[in-house]
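The values are calculated or read from the model by the stated rules, or taken from the named source; none is laboratory data. Here the structure is a predicted model, which means the values were calculated and not measured. No Cβ is skipped: glycine too gets one built from the backbone with ideal geometry, and neighbour counts run over all protein chains shown.
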Amino acid sequence: MNILNLLKIIRVHIVAGGFLAFLLGALLAIVGGGSFYPTRFVLGYIVVFLADLSTHYGNDYFDVEVDKYVEKKKFFAGSGILVNNPDLRLLSKFISLALLVGSNVLAAMIVVFLSFPIELFFVILGASLVGWFYSAPPIRLISRGFGEIAVAFVTGFAIPGLGYLAIRGQFDPLFVYFSIPFILYGLTLSLSLHVPDVKVDRKGDKRNLAVRLGQRRSFLLILALVFSATLTFCIYAFQNAFLIVDFNVIVLFSVIPLVAGFIGFVAFFQEEVNNFSALNVGALFVFNMVMIMYLLFLVLAV
């Protein structure tokens, strides 16, 4: 029974989102001239997978007091398992630390013995520390107004960046160009996840950006972020940057989260906040999927 409850702490949909971000980075690297080797892809993703699971157990452990205030379970919220099973708290913390250490040890080993780029180790180390101190004291980024920035860094830069490094072996201008709108979307994702929990987060002393701004201004910022991402892709298209990808096509893809952000801002007072947050998250998921399909098309067309 305890094993089953521990497994329930893992949110499969979040793991799936991490895999898609890693795959997106890997496919972008192949389009940019990298060669696909299954072993490098798998080992690179295992590093990400272990670090990802570490955050599930760590955040549930450190947020157990806040989770007690949650009245309605949300799709991307913590599992709540530790609220009802306090005897599993210390084990959850141990599992989180073990996964975090395992991820970084594996990263160090593949750098040393399999000639992976040293940047891969530093990126996963940074992402791991950010993931741990997202909820862990004394830093606890989520209580200091840096929670959304932390998520934007991990989802918009670190995870796709690790996929890119695993295949390409280095960062180059192509990834740097894409990382800008990816980080904007990462910040959009984080705000969208936090907005529905503003009241609960205030009780739990989570001074995140959504709490500081309030729900209405958070939706305005989300709209500004997705608009900025679309504008960035438009600038790339105007510059004819990197002829290996057609940024005009990607501009069309970016309309998906842009429309979702606009709807959420305009219709904010008419429906439950959670509905529009879910719409933003769903739009980002669709954007990732169409981007992956487009990059797969470019890879297979060569």
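Among the residues of the stretch 239-254, those identified as assigned to a helix (DSSP H, G or I) and either in contact with a helix residue (DSSP H, G or I) (Cβ under 6 Å, 6 or more places away or on another chain) or modelled with pLDDT under 95 (or both) are 239, 247, 248, 250, 251, 253, 254. From the list 95, 81, 46, 118, the one residue that fits, being at pLDDT 95 or above and surrounded by 17 or more Cβ atoms within 10 Å (Cβ to Cβ), is 95.
Applying the condition of being free of Cβ contacts under 8 Å to residues at least 12 places away in the same chain and more than 12 Å from the chain's Cα centre (by Cα) to the stretch 5-36 and asking which residue is surrounded by the fewest Cβ atoms within 10 Å (Cβ to Cβ) yields 12.
Only one of the numbered conditions (1) under 20 Å from residue 64 (Cα atoms); (2) touching a Leu at 6+ places or on another chain (Cβ under 7 Å) is not met by residue 110, and that is (1). Within the stretch 144-189, the set of residues being of a type in the set (Gly, Ala, Ser) and either touching a strand residue (DSSP E or B) at 6+ places or on another chain (Cβ under 9 Å) or part of a helix (DSSP H, G or I) (or both) comprises 147, 150, 152, 156, 158, 161, 163, 166, 179, 186. Residue count for the stretch 1-43 satisfying the condition of being of a type in the set (S, T, N, Q) and at pLDDT 95 or above: 1. Once the stretch 203-249 is narrowed to residues that are within 23 Å of residue 260 (Cα to Cα) and among the β-branched types (Val, Ile, Thr), the residue that is surrounded by the fewest Cβ atoms within 10 Å (Cβ to Cβ) is 235. The set of residues in the stretch 116-143 being closer than 20 Å to residue 208 by Cα, of a type outside the set (A, V, I, L, M) and in a helix (DSSP H, G or I) consists of 128, 131, 132, 133, 143.
Pairing each residue of the stretch 281-295 that is surrounded by 17 or more Cβ atoms within 10 Å (Cβ to Cβ) with any residue that is β-branched (Val, Ile, Thr) and part of a helix (DSSP H, G or I), provided the two are 6+ apart or on different chains, yields C-beta distances under 6 Å for 283/256; 287/256; 295/31.
All told, residue 110 falls short of being within 19 Å of residue 167 (Cβ to Cβ), touching a helix residue (DSSP H, G or I) at 6+ places or on another chain (Cβ under 9 Å), at pLDDT 95 or above and surrounded by 23 or more Cβ atoms within 10 Å (Cβ to Cβ).
Among the conditions (1) buried (at least 18 other Cβ atoms within 10 Å of the Cβ); (2) touching a residue at least 12 places away in the same chain (Cβ under 8 Å), the only one that residue 141 does not satisfy is (2).
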